[in-house]
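**Student:** Would you mind keeping the following structure in view while I ask a few things?
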């Protein structure tokens, strides 16, 4: 039995081991990454495309990922950079899609579904109206559950900025949702008593 | 009391100090206006979470998942084709002696039990207690993982560089060749080495701890099966696969290069 190119063999095996482990971790992180993509793009279709491009890039850069560091942070960074590149290429500003783009499918029937869809559309409008950096902040903290410190490191901004952006974003969303709910109530009230 | 939105959201997220949290909690409980502001912000959070939960219900695009799965499959193929000794790691090593060998392997990785090694034709034993046996007709098995510090193999492991073949004194036509040296997660050092004898070869891993060498895994190549009841791993073509699994469980970093290995040997493993 010849000694053989052991180092080469082990490196290949280690590379494979990393790829196999990463496969599971990447698949598990896809929902988080897609939510982050949605927070960046504000559009479901764009989020799906961005997720795809991010995974594509991440797979070509696997050897650059340092084992022992946070894979989600690494992926989020690739996602953000990919979106910035995409944004530059499109050279567009403002909301990229119609609010009706978010076609959520809650498993409720009848009136509840209708109300729910309206509320989700209102939420979508509120989220669309936010600047991207506030929307991202909101998703990372409210949806993903990261701490201020983690988000500060992830986005490379001071904690004070995290707090102020987050406060402004939450306030805007809350105000927009209240205004929309009040508008709905008024519409219903104004229709009461009208002849059929 | 004028509480800023920043402070209120930090309160919601539990990002204030314990004292500030307690103080603000007390303030909220006595201020209906503050309680309402908090309620509205919490309500917005809830709506956001619901919205994203609904988004999560959409299936991930199949072509995105395929990217990941295809990459893993490609790594499989690359791994198999990387060299004549490369076998995919994914498959668990198949040990031909059933449950007993599996246990042996696990225990071996923990560097806690015995070596069993033997050769058809000539035979070779690593004495466990100063006893040396040889036989030209039968395999000799010994369930002792510790390499006798007076044995020629101990000397090879302790002092010989990788890729240098040393004839073992006192054994007919038996030689040993260190193959590689690496550090473990426990900061010990291990060596992979071959022992050749009359057309048969074993590939082994020994680890050094407290000045003693212990065999932690051994794979016999092209040899007949050992006697029934003996814990032994044989492999006709799966040697690298079996030992790779062990090495990968032990190794920290990479295989030492020639220079680092030479330094380590000349410094008596310090």
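The values are calculated or read from the model by the stated rules, or taken from the named source; none is laboratory data. Everything quoted here is computed from the prediction, not taken from an experiment. Here Cβ is always computed from backbone atoms with ideal geometry, including for glycine, and neighbour counts include all displayed protein chains.
**Student:** Quick check: is even one residue across segment B:251-258 at the interface with chain A (Cβ under 10 Å from one of its Cβ atoms), at pLDDT 75 or above and more than 17 Å from residue B:157 (Cα to Cα)?
**Tutor:** yes
**Student:** Looking only at segment B:154-165, filter to residues that are closer than 26 Å to residue B:210 by Cβ and modelled with pLDDT under 90; which one of those is surrounded by the fewest Cβ atoms within 10 Å (Cβ to Cβ)?
**Tutor:** Checked segment B:154-165; the qualifying residue surrounded by the fewest Cβ atoms within 10 Å (Cβ to Cβ) is B:164.
**Student:** Between A:139, A:151, which is closer than 19 Å to residue A:37 by Cα, within 9 Å of chain B (Cβ to nearest Cβ) and modelled with pLDDT of 80 or more? So that I can check it myself, show each step before the final result.
**Tutor:** Values: A:151 fails: within 9 Å of chain B (Cβ to nearest Cβ).
The conditions single out A:139.
**Student:** Here's another thing I want to ask about it. Could you tell me which of the residues A:50, A:75, A:59, A:38 is more than 21 Å from residue B:69 (Cα to Cα) and either assigned to a helix (DSSP H, G or I) or touching a helix residue (DSSP H, G or I) at 6+ places or on another chain (Cβ under 8 Å) (or both)?
**Tutor:** Going through A:50, A:75, A:59, A:38 in turn, the sole match is A:38.
**Student:** Which one of B:242, B:265 is in a helix (DSSP H, G or I) and modelled with pLDDT of 80 or more?
**Tutor:** Going through B:242, B:265 in turn, the sole match is B:265.
A quick yes/no check of all residues on (1) over 22 Å from residue B:258 (Cβ atoms); (2) in contact (Cβ under 8 Å) with a residue 40 or more places away in the chain:
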| position | (1), (2) |
| --- | --- |
| B:148 | yes, no |
| B:155 | no, no |
| B:173 | yes, yes |
| B:177 | no, no |
| B:180 | no, yes |
| B:186 | yes, no |
| B:190 | no, yes |
| B:198 | yes, yes |
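Yes/no matrix, rows are residues, columns are (1) modelled with pLDDT of 60 or more; (2) more than 7 Å from chain B (Cβ to nearest Cβ); (3) under 26 Å from residue A:120 (Cβ atoms):
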position	(1), (2), (3)
A:3	no, no, no
A:29	yes, yes, yes
A:48	yes, no, yes
A:57	yes, yes, no
A:73	yes, yes, no
A:79	yes, yes, yes
A:91	yes, yes, no
A:97	no, yes, yes
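**Student:** Residues that are under 28 Å from residue A:145 (Cβ atoms), surrounded by 17 or more Cβ atoms within 10 Å (Cβ to Cβ) and at pLDDT 90 or above: does segment B:49-59 have at least one? Break it down stepwise before answering.
**Tutor:** Initial filter on segment B:49-59 (under 28 Å from residue A:145 (Cβ atoms)): B:49-59.
Add one more test, that the residue is surrounded by 17 or more Cβ atoms within 10 Å (Cβ to Cβ), and what stays is B:51-52, B:54-55.
Next, only the ones that are at pLDDT 90 or above stay: none.
So far as segment B:49-59 goes, no, none of its residues is under 28 Å from residue A:145 (Cβ atoms), surrounded by 17 or more Cβ atoms within 10 Å (Cβ to Cβ) and at pLDDT 90 or above.
**Student:** Restricted to segment B:53-62, and to residues that are more than 7 Å from chain A (Cβ to nearest Cβ) and in a helix (DSSP H, G or I), which residue is farthest from the chain's Cα centre (by Cα)?
**Tutor:** Among those residues, the one meeting the criterion is B:53.
**Student:** I need a count of the residues in segment B:29-49 that are part of a helix (DSSP H, G or I), touching a residue at least 12 places away in the same chain (Cβ under 8 Å) and more than 11 Å from chain A (Cβ to nearest Cβ).
**Tutor:** Counting residues in segment B:29-49 that are part of a helix (DSSP H, G or I), touching a residue at least 12 places away in the same chain (Cβ under 8 Å) and more than 11 Å from chain A (Cβ to nearest Cβ) gives 1.
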